[in-house]
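Trainee: One structure is given below, represented as structure tokens, and several questions about it will come after.
The values are calculated or read from the model by the stated rules, or taken from the named source; none is laboratory data. From a predicted model like this one, the values you see are computed outputs, not experimental measurements. Neighbour counts are summed over all protein chains in view; Cβ atoms, including those assigned to glycine, are modelled from backbone coordinates with ideal geometry. Just so you know, the surface numbers come from the protein's heavy atoms only, side chains and all, with ligands and any DNA or RNA stripped out. Shrake-Rupley method; radii C 1.70, N 1.55, O 1.52, S 1.80 Å.
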Amino acid sequence: MRILVVEDEMDMNRLLVKTLKREGYSVDGCFDGEEAWLHLMGAEYDAVVLDVMMPKKDGYTLIQELRDKGKDIPVLFLTAKDSIADRVKGLDLGADDYLIKPFDFDELLARIRAMTRKHVGNRNNSFTAGNLTMDVKSHVVTRDGKEITLLPKEFSILEYLLRNKGNVVSREQIEDRIWNYEYSGNSNNVDVYMSKLRKKIDDGYDTKLIHTIRGVGWVLREDEQGGKS
């Protein structure tokens with residue numbers, strides 16, 4: 001998943017970005033509300049970790065503009081304000097969750113998992129397709145009970161495919177979701193990762209799960225209807 005961290009305190013921002021990247025997320029960090037708005041209008045994110053008090057545009061203003069724009073990205077507020085009124089205001093403006101500083105990073109990670117599960121209608125940490133299972137929290141993937149070892153990017157791509165099971169996703173969508181703004185490669189990398197991922201997931205099985213839709217992209221589904229290369 002791709003996450004945007006919006007926090008004006010530099011050390012905290014860097015720590016959040018480092019922690020989330022270590023958990024396998026693709027992460028962009030910015031330091032004020034206006035910069036965050038440009039990020040949000042220029043890329044697709046699965047979640048936003050948003051400080052309330054920021055220069056140029058505060059978190060309340062940013063989320064209100066985001067919701068007015070029809071964007072339903074899950075948002076977790078981080079704030080030193082612990083009054084009930086402040087929490088109610090944030091939630092009423094469209095925040096999905098609220099975490100008071102200082103906080104435990106394990107709790108932050110759990111809250112991110114919870115709100116993104118809710119967003120895709122998934123009530124636990126796992127995704128399935130046929131005999132393939134992914135546990136997002138433990139980063140374990142199995143097929144027919146056999147564990148499959150995946151590189152971090154392979155895991156992220158498979159998670160994205162599972163979250164969009166049955167829907168075709170393009171090379172550009174995968175690149176946009178899995179790589180952050182620091183990425184300077186080319187789209188051929190997506191094809192390379194997809195080729196390796198398909199071998200790990202489908203080799204040795206009669207039923208193929210990852211299918212190529214020529215000229216469009218890829219789809220993960222539990223049948224073998226056309227479109228497979």
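Trainee: For the stretch 14-32, does any single residue satisfy the condition of being at pLDDT 90 or above, open to solvent by 70 Å² or more (accessible area, probe 1.4 Å) and of a type in the set (A, V, I, L, M)?
Mentor: So far as the stretch 14-32 goes, yes, one or more of its residues are at pLDDT 90 or above, open to solvent by 70 Å² or more (accessible area, probe 1.4 Å) and of a type in the set (A, V, I, L, M).
Trainee: For the stretch 71-170, give me every one of the helices (runs of 4 or more DSSP H) that falls completely inside it and has 1 or more residues that are under 14 Å from the mean Cα position of the chain (by Cα), at negative phi and not assigned by the TED database to the domain that holds Lys196. Step through it out loud before you land on a result.
Mentor: Details: elements: 84-92, 105-119, 152-163.
Result: 105-119.
Trainee: To continue, here is another question. Identify, please: which residue in the stretch 6-52 is within 12 Å of the chain's Cα centre (by Cα) and assigned to a strand (DSSP E or B) and is, among those, nearest to Leu161 (Cα to Cα)?
Mentor: Ser26
Trainee: Could I ask something else about it? Keeping to the stretch 53-70, report how many residues are open to solvent by less than 70 Å² (accessible area, probe 1.4 Å) and either within 30 Å of Arg163 (Cβ to Cβ) or under 21 Å from the mean Cα position of the chain (by Cα) (or both).
Mentor: Initially, the stretch 53-70 is screened for residues open to solvent by less than 70 Å² (accessible area, probe 1.4 Å), giving 54-55, 57-63, 65-67, 70.
With the extra rule that they be either within 30 Å of Arg163 (Cβ to Cβ) or under 21 Å from the mean Cα position of the chain (by Cα) (or both), the set shrinks to 54, 57, 59-63, 65-67, 70.
Residues meeting the conditions: 11.
Trainee: Okay, moving on. Scanning for something in a loop (DSSP other than H, G, I, E, B), of a type in the set (D, E, K, R), at pLDDT below 90 and open to solvent by 80 Å² or more (accessible area, probe 1.4 Å), does the stretch 192-205 turn up at least one residue?
Mentor: Filtering the stretch 192-205 for residues in a loop (DSSP other than H, G, I, E, B) gives 203-205.
In the following step, the residues that additionally are of a type in the set (D, E, K, R) were identified as 203.
With the extra rule that they be at pLDDT below 90, the set shrinks to none.
No, that holds for no residue.
Trainee: OK, next. When the residues of the stretch 136-148 are filtered to those that are in contact (Cβ under 8 Å) with a residue 24 or more places away in the chain and not hydrophobic (A, V, I, L, M, F, W, C), which remaining residue is surrounded by the most Cβ atoms within 10 Å (Cβ to Cβ)?
Mentor: Among residues in the stretch 136-148 that are in contact (Cβ under 8 Å) with a residue 24 or more places away in the chain and not hydrophobic (A, V, I, L, M, F, W, C), the one surrounded by the most Cβ atoms within 10 Å (Cβ to Cβ) is Arg143.
Trainee: Still on this structure, I have one more. For the stretch 122-177, give me the residue count where each residue is acidic (Asp, Glu) and touching a strand residue (DSSP E or B) at 6+ places or on another chain (Cβ under 7 Å). It would help to see each step written out before you state the result.
Mentor: Residues of the stretch 122-177 acidic (Asp, Glu): 135, 144, 147, 154, 159, 172, 175-176.
Still in the running and touching a strand residue (DSSP E or B) at 6+ places or on another chain (Cβ under 7 Å): 135, 147, 159.
Looking only at that region, the number is 3.
Trainee: Now for a separate question. If you take the residues of the stretch 1-11 that are open to solvent by 20 Å² or more (accessible area, probe 1.4 Å) and touching a residue at least 12 places away in the same chain (Cβ under 8 Å), which of them is nearest to His119 (Cα to Cα)?
Mentor: Our first condition is that a residue be open to solvent by 20 Å² or more (accessible area, probe 1.4 Å); within the stretch 1-11, this holds for 8-11.
Imposing the further condition that a residue be touching a residue at least 12 places away in the same chain (Cβ under 8 Å) reduces the set to 8-10.
Details: Asp8: 26, Glu9: 28, Met10: 29 Å.
Here the answer is Asp8.
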